[in-house]
């Protein structure tokens, strides 16, 4: 019998899962196909069959309150035009006229410009021996392409992009703050007002002039506010997600140099390689839906009014659908992954994302047949909407790489570890995080009931603050930046040469700690 | 095994022996019939496995569902007899089916 399993824990905000959510996704999919998270009050489904069926069943799993958990919970009114947050027939009325901007035919016609944007970004870096998949390509090319498509002038692109990024990025460990969230992107209003008076042959003019049948059956043009909102939504979607796809392309292919070589030698493999990257590490690992009527799945009742998180990333690795699901294999049998969703809400820009991803890879390979990623200086974030690299440096010339490659790079922080603090007692700690045990060393200095010192971990050395001693109990906090900026709150009990306790990871989640004294 | 004939826009014909239960798109791909991109791999979400079905086959195949109708908006040169081949499941009744391919999927 399957029931709501409390032993497994997952939420999209917990940084412990950012680096590698796949082990917990596997557990959810195999042990708790309907998982309920009490803390944030949402359900999760993760099997391919369930996610696929759920995406198609909009009458049960509604988009009317949004496709992000925080939006569904907030239940703010959805402004006209935000078709991502609507069900048919209103959704259809808005989306249908917009498909023309994103048809495979139309986006294919952009190929020369997309190649040109890649060349402009990459050519200056050929001699340098290094480039950053995100800074130099992922943040540049998709932004220029969506800008060109909509008709946003070059000088305004960065404003639109940072606006979109700020909306979709959350503080690590926390849900999105909706109090400051607006649907409307600043920067677009002025431009659209100007464009209304100065029509051109760009997408925005076309959007302002197109006629469509709205949900009441009336044939009309989009209002100025609707165009603002639609452009803002398309701009955000066009920037953020393809950027992540480009990052994952850099990361995953660096880890699979044999397959990268095959692609380099036979570019006809690029489309299937991009599909496999999309399956393996989807830029949007989950989508959420509002439960519009009671539904039962695997013996679990999901009541009307609940929120459901559909784990696309887990479904994409469901062994019931994909053989050897955790293996990255560009030659695998081509079956539909769920990264772009399915049904009415399937990604409007899927053809654009695909062509951008394919061209980006082709143009990278034209200049850099191989590369190594510098994960020590890379930074990964994950929110309830996207998961991917914020920065991903890569070395394209052998000379730039550190001797011994990644191994040496990992060992490097050890050499920089500061010397032990005089008079400190040192403890070897093992923190049992959901990603496996993490080892660290605490150097603690007692002064009355105050505690100072330092915590050394593979991520670096950080000072201890708010340290207190109360009998055998020691408490302190450490602020860390990796794997994500957060505060760790420690509380341990000392018993001679052993200690035990826990650390709070950011605002959410706890990890048990055990430790032994290595010096006093 | 039902036989299916694909006719390219230039008139070239490909007759294949199809497997029941598979989709027309999958069979075209399995037999290297050119002209079907099928980017999404059969998820009814990309509109690049567009074919024209001869009217006499319509009753056997049935009408496209709501998702297919929506996704057909991505396809090029859509006509009344346009279908997405990933959504046509092959049955014994479809023996002799003829589908025509558009000049391009994009």
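Since every read-out is calculated from the coordinates, none of them should be taken as a lab result. Remember, it's a predicted structure, so these values are computed and weren't measured experimentally. Using ideal geometry, Cβ is built from the backbone for each residue, glycine included, and neighbour counts are taken over all protein chains shown.
For region A:240-387, evaluate the Debye formula with one uniform point scatterer on each Cα (no solvent term) and list log10 I(q)/I(0) at q = 0.15, 0.18 Å⁻¹, rounded to two decimals. Calculated log10 I(q)/I(0) at the listed q: -0.82, -1.11. Size descriptors for the protein assembly as shown (Cα atoms only): Rg and Dmax, in that order, 26.7, 92 Å. Rg over Rh for region A:241-284 works out to 0.95, using Cα positions for both radii and the Kirkwood form for Rh. For the residues of B:45-57, the average number of beta carbons from a partner chain within 10 Å of their own beta carbon is 3. Report the far tail of the P(r) of region A:191-235, meaning the percent of Cα-Cα pairs longer than 13 Å. Of the Cα pairs, 55 percent sit more than 13 Å apart. On a C-alpha basis, how far is the centre of region B:1-29 from the centre of region A:316-361 in Å? Whole number, if you could? So the separation of the two Cα centres works out to 24 Å. You can think of it this way: the chain between residue A:379 and residue A:262 has 39.3 nm of extra reach, that is 0.36 nm per residue less the Cα-Cα gap. Modelled this way, with points 7 Å down the Cα-to-C-beta line, the labels at residue B:66 and residue A:320 are 2.4 nm from one another. Spatial offset of region B:49-83 relative to region A:84-127 amounts to 24 Å, using the alpha carbon center of each.
For chain A, the longest principal axis of the Cα atoms and the long axis of helix A:111-122 meet at an angle of about 30 degrees. For residue A:7 and residue A:126, FRET efficiency with R0 = 51 Å and r from the beta-carbon atoms, rounded to 0.05? The calculated FRET efficiency here is 0.45.
Could you give the angle, 0 to 90 degrees to the nearest 10, between helix A:154-168's Cα long axis and the longest principal axis of the Cα atoms of chain A? So the inclination is approximately 50 degrees. Secondary-structure-derived ellipticity at 222 nm for chain B, considering helices only, amounts to -3500 deg cm²/dmol, per-run term -39500 (n - 2.57) for DSSP H runs with n ≥ 4. Entry for region A:198-323 at q = 0.10, 0.18, 0.21 Å⁻¹: log10 I(q)/I(0) = -0.61, -1.04, -1.14, Debye formula applied to identical alpha-carbon scatterers, no solvent contribution. Using the rule -39500 (n - 2.57) for each DSSP H run of four or more residues, divided by the residues of chain A, the 222 nm mean residue ellipticity is -10500 deg cm²/dmol. So how tilted is helix A:188-197 from the main axis of chain A? Cα-based, degrees 0 to 90, rounded to 10. On a 0 to 90 degree scale, this one is about 10. Is region B:1-98 rounded, prolate or oblate when judged by the Cα gyration tensor, a ≥ b ≥ c being the square roots of its eigenvalues, rounded requiring a/c under 1.5 and prolate requiring a/b larger than b/c? Verdict is rounded for region B:1-98. For the pair residue A:74 and residue A:520 in one chain, pulling the backbone fully straight at 0.36 nm per residue adds 155.4 nm over the alpha carbon distance.
At 0.36 nm per residue, and after removing the present C-alpha to C-alpha distance, how many nm does the segment from residue A:439 to residue A:135 gain when stretched out fully?
Values: separation 304, 0.36 × 304 = 109.44 nm, distance 3.19 nm.
Extra length available between residue A:439 and residue A:135 comes to 106.2 nm.
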